[in-house]
Amino acid sequence: MAKKVVIIGAGIAGLSAGCYACMNGYDVEIHEAHSQPGGLCTSWRRGDSVIDGWIHWLTHSRPGTGYYRVWEELGAVQGRKIFDRDVLSIVVARDGRTLHFCIDIDRLEQHLRIWN
């Protein structure tokens, strides 16, 4: 009798768990409440706005990092150009001040202190 795993949620964690379970010989069943998989890695609508979850934006994914090996095993990075930025986003206020959302937590803290 084959070992079976049932996974609730087809976000990146559920899909990854399903892939690894399959790689290890389990029969996998993944249940998702939405009409498509991807969880927060897809886009969705809220009112008149579309919020893009950036499926191609996998944090710390450049070759040589720990995550890259995982993404490679799961087939997520093949054929994709990887952008690994120090600054994820910059918000410009109406008064011209800018807030930089940095990967480095110390730099982010500096920007948040300046913002206040």
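The values are calculated or read from the model by the stated rules, or taken from the named source; none is laboratory data. Since this is a predicted model, take the numbers as computed values, not measurements. Glycine also receives a Cβ, built like all others from the backbone with ideal geometry; neighbour counts cover every protein chain displayed.
So in the range 76-104, with the set limited to residues that are among the acidic types (Asp, Glu) and exposed (fewer than 12 other Cβ atoms within 10 Å of the Cβ), which one is nearest to Trp115 (Cα to Cα)?
From the range 76-104, those among the acidic types (Asp, Glu) are 84, 86, 95, 104; that's our starting set.
Next cut, exposed (fewer than 12 other Cβ atoms within 10 Å of the Cβ) only: 86, 95, 104.
On the way: Asp86: 19, Asp95: 12, Asp104: 17 Å.
My answer is Asp95.
Would you tally the residues in the range 80-95 being of a type in the set (A, V, I, L, M, F, W, C) and at pLDDT below 75? Write out each step before concluding.
To start, the set of residues in the range 80-95 that are of a type in the set (A, V, I, L, M, F, W, C) comprises 82-83, 87-88, 90-93.
From what's left, at pLDDT below 75: 82-83.
Matching residues across the range 80-95 total 2.
Each row is one residue, and each column tells you yes or no for (1) modelled with pLDDT under 70; (2) surrounded by 12 or more Cβ atoms within 10 Å (Cβ to Cβ).
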residue: Gly18; (1), (2): no, yes
residue: Cys22; (1), (2): no, yes
residue: Gly25; (1), (2): no, no
residue: Ile30; (1), (2): no, yes
residue: Ala33; (1), (2): no, no
residue: Val50; (1), (2): yes, no
residue: Tyr67; (1), (2): no, yes
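With respect to Val77, is the statement that it is within 15 Å of the chain's Cα centre (by Cα), assigned to a helix (DSSP H, G or I) and either at pLDDT below 80 or under 27 Å from Ala2 (Cβ atoms) (or both) true? Working first, answer last.
On the way: within 15 Å of the chain's Cα centre (by Cα): yes; assigned to a helix (DSSP H, G or I): no; either at pLDDT below 80 or under 27 Å from Ala2 (Cβ atoms) (or both): yes.
Spelling it out, it is not the case that Val77 is within 15 Å of the chain's Cα centre (by Cα), assigned to a helix (DSSP H, G or I) and either at pLDDT below 80 or under 27 Å from Ala2 (Cβ atoms) (or both).
Identify all residues within the range 4-34 that are in a strand (DSSP E or B) and either among the β-branched types (Val, Ile, Thr) or closer than 15 Å to Val70 by Cβ (or both); write none if there are none.
Quick first cut of the range 4-34, residues in a strand (DSSP E or B) only: 4-8, 27-31.
Those that are in a strand (DSSP E or B) and either among the β-branched types (Val, Ile, Thr) or closer than 15 Å to Val70 by Cβ (or both): Val5, Val6, Ile7, Ile8, Val28, Ile30.
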